[in-house]
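To start, the structure itself, in structure tokens.
The values are calculated or read from the model by the stated rules, or taken from the named source; none is laboratory data. Just so we're clear, the structure is a prediction, and the values are computed from it rather than from any experiment. Ideal geometry is used to build each Cβ from the backbone, glycine not excepted, and the neighbour counts take in all protein chains shown. Calculation scope for accessible area: heavy atoms of the full protein, side chains included, ligands and nucleic acids excluded. Shrake-Rupley method; radii C 1.70, N 1.55, O 1.52, S 1.80 Å.
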Amino acid sequence: MCGRYLLTTPPRVIAQAFGIDPSGLPEFGPRYNIAPSQDIPIVRMAEAGRIPIRELVLARWGLIPGWAGEPDIGLHTINARCETADSKPAYRSSFKRRRCLVPADGFYEWKAMPGGKKQPYHITARPPSGMAPSPTLFAMAGLWDRWEPREGGPPIESCTILTTAANDFMAGIHNRMPVIVRPEEWERWLDPEEDPRQLKDLCRPYPAHLHAAMAVSRLVNSPRNETPLCLQPPEAEEPQHGLFD
């Protein structure tokens, strides 16, 4: 799965990397411990206008299908398995026409250790040929939707991150990993006119040799800890009470 990640690249650099108009970008600073239910930046195709363009917007992490009675379903839809996302009711419609990319500079995963504890790891994914202007930025595959409260009020736009089977590198840490879309495949993934049946081939595990990982502090266990200290080595940390302690 992918239940926590980080994004430290500034909005204007993200816009440059993804070919987005830099005017009117959402404001956000470096994030070292992004957690479900928070608003996260996504790249999608703008719905208005005759000429399709990419836009960077904020969406709540945890997809709320348009047909849902309550938004609480988003607590259980932070990830969607790529193998079944095109058929599951919660994701089927979004897989057809509302695909997005989730920019990231790394993600976290927890490895089961002897004694029952879990050690968090920070994992990076290097683009095959580098990606100017940021060598650390990559894109996870996502889906988005818009939910409108029955009693009125502003709609909520939300999203989920697709996962796939672990590659040989990730298998030593966890059996699932986020779907990472290569830059040359972004256009196909985002195009709402693309036949979704032809997109399953993009949901393959990322090349193992393009990953790197390091054990990090258990500070990342708690979403309350939004600090670069989440990336410090585990031996440097103070005793903490976290989600997996």
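Label R204 and K96 with points 7 Å out from Cα along Cα→Cβ: what is the distance between them in nm?
The answer from the label model is 2.8 nm.
Arrange the residues T124, T136 by how much accessible surface each exposes, largest first, with a 1.4 angstrom probe.
T136, T124
What cysteines in the chain have no other cysteine with a beta carbon less than 4.7 Å from their beta carbon?
Result for the chain is C2, C100, C159, C230, no neighbouring Cys Cβ within the cutoff.
Quick one: give the max-minus-min coordinate of the C-alpha atoms of segment 110-241 along each principal axis, largest first, in Å.
So the extents along the principal axes, rounded to whole Å, are 50, 46, 32.
Could you work out the percent of alpha carbon pairs in segment 58-181 separated by over 16 Å, rounded to a whole number?
66 percent
Note the direction-averaged projected area, equal to a quarter of the hull surface, for the Cα convex hull of segment 1-108, in nm².
Average projection, Cα convex hull of segment 1-108: 7.5 nm².
How large is the accessible surface per residue of the chain, computed with a 1.4 Å probe and reported in Å² as a whole number?
With all protein chains present, the chain gives 48 Å² per residue.
In bins 5 Å wide, starting from 0, what share of all Cα pairs of the chain does each bin hold, as a percent?
1, 6, 14, 18, 20, 18, 12, 7, 3, 1, 0, 0
Which value, in Å² rounded to 10, gives the accessible area of D21 with a 1.4 Å probe and all protein chains present?
Counting only protein heavy atoms, the figure is 90 Å².
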